[in-house]
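Structure, as structure tokens:
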Amino acid sequence: MAETIGFVGAGKMGEPMVLRLVGAGFSVQVYARRPEVRERLAAAGAVPVESVAAVARDAGVVISCLFSDAQLLEVAAGADGLLANAGPDTVVVSHTTGTVSTLIKLMAEFPDGPVLVDAPVSGGAHDIAAGKLTVLLGGPDDAVARAQPVLAAYADPVITTGGLGTALNLKLINNVLFAANAQLVAAAVELAKNLEVPETSLFSALEHCSGGSRAAGYVQSAGGVESFAQVVAPFMRKDVAACIEAAADRGVELGQLRTVAETGPLDLS
């Protein structure tokens, strides 16, 4: 019989995760506030439960897919939360891109509770549906080994990063590096304009030349710097701020990465 999986946070990203878990043969008990979500997931074979506490009971692995540290604390902490109601052998997987200090705070509150692992993601709902979400996974080796085959229901690759917190820190490094790369692409577009090089020619060449990057590809597919900025800049601002906060927590400076991310043509500060 497949291991029972608890799940909380069945939103835009979480709902397709639950569907993939059920499709992989896991028994999934899920807490969802919206009746229409509960109905859809029940019809797909998941088991809706009445509370966050019920999600954690009897589950070998509990997955939390929440937007922010504030939401994670609301769901995981307290007498009615995930950590108080999960067994000591349970592994709790957090997909939230938050701060390591929040995870440490939760572990300190429940020293005899379940094991926490951090598992920030890269990708969207379409990647989850295809089983191709990228997940970074940090935590104790035995807990990571237990979580990996569960996450493989919707994630490929699952990249192990080291101890608890390393996955979050790596995700934040990636995010600020992407923001800096995007700023450099925007600066290159400005330079091309000043040198009378058409933007379309620039991007066509960068697809094959050494200066090309994923950031350049994203800007090109968005239709140029302005449309890219309209769609992506709000998320990058959040990411850059989160990385600055996380680094400050550890007394670390971002150095040139912060300088480039905050002072380029895009408004990311």
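The values are calculated or read from the model by the stated rules, or taken from the named source; none is laboratory data. Remember, predicted model here, so these are calculated numbers, not experimental data. Quick reminder, even Gly has a Cβ in these numbers, built from the backbone with ideal geometry, and neighbours come from all protein chains shown. Surface accessibility is based on the protein's heavy atoms, side chains included, excluding ligands, DNA and RNA. Shrake-Rupley method; radii C 1.70, N 1.55, O 1.52, S 1.80 Å.
Mean projected area of the Cα convex hull of the chain, taken over all directions, amounts to 15.3 nm². Kirkwood hydrodynamic radius of the range 85-197, from the reciprocal of the average inverse Cα-Cα distance over all distinct pairs: 15.7 Å. When only Cα pairs below 8 angstrom with a gap of at least 6 residues are kept, the range 1-121 shows a relative contact order of 23 percent. Under the simplified labelling scheme, the Glu3-Asp58 pair shows an inter-label distance of 1.8 nm, with each label point 7 Å from Cα along Cα→Cβ. When the solvent-accessible area of the chain is split by element, carbon and sulfur atoms take up 55 percent of it, the probe being 1.4 Å.
For Glu109, the shell of other residues with beta-carbons less than 15 Å away shows a net charge of -3, using +1 for Lys and Arg and -1 for Asp and Glu. Of the GluC sites (Glu not before Pro) found in the range 215-259, those that fall in a DSSP loop while having at most 15 other beta-carbon atoms within 10 Å are Glu253.
Solvent exposure of the chain amounts to 49 Å² per residue of accessible area, where only protein heavy atoms count and the probe is 1.4 Å. Overall dimensions of the range 138-212, expressed as equivalent-ellipsoid semi-axes from the Cα gyration tensor (√(5λ), whole Å, largest first), are 40, 14, 8.
Among the trypsin sites (Lys or Arg not before Pro) found in the range 199-269, those both in a DSSP coil and sparsely packed, with 16 or fewer other Cβ atoms within 10 Å of their Cβ, are Arg250. Placing dummy labels 7 Å off each Cα toward the beta-carbon, the span from Asn194 to Asp142 is 6.0 nm. If you take every residue apart from Glu50 with its C-beta less than 13 Å away from the C-beta of Glu50, what net charge results, scoring Lys and Arg +1 and Asp and Glu -1? Combined, the nearby Lys, Arg, Asp and Glu give +2. Only one residue of His208, Gly23, Leu151 has its Cα farthest out toward the positive end of the dipole of the chain, where Lys and Arg carry +1 and Asp and Glu -1 on Cβ, and that residue is Gly23. Rounded to the nearest 20 debye, the dipole size of the range 168-263 about its Cα centre is 240 debye, using +1 on the Cβ of Lys and Arg and -1 on the Cβ of Asp and Glu. Fully extending the segment from Ala222 to Glu74, taken as 0.36 nm per residue of separation minus the present Cα-Cα distance, adds 49.7 nm.
Just Val197, Val189, Val61 to compare: in a GNM of the chain, with alpha carbon springs under 10 Å, which one fluctuates most? In this elastic network of the chain, the residue with the biggest mean-square fluctuation among Val197, Val189, Val61 is Val197.
Lys and Arg at +1, Asp and Glu at -1: add these up for the other residues within a Cβ distance under 14 Å of Glu36 and post the number. That sum, taken over residues with Cβ under 14 Å, equals +3. Calculated [222 nm] ellipticity per residue, helices only, for the chain: -16000 deg cm²/dmol; basis is -39500 (n - 2.57) per DSSP H run with n ≥ 4, divided by all residues, nearest 500. Using a Debye calculation, one point per C-alpha and no hydration shell, please list log10 I(q)/I(0) for the range 4-163 at q = 0.08, 0.09 Å⁻¹ in order. Listed by q, the Debye log ratios stand at -0.19, -0.24.
Dividing the Cα radius of gyration of the range 168-263 by 2.2 N^0.38 Å, with N the residue count, gives 1.15.
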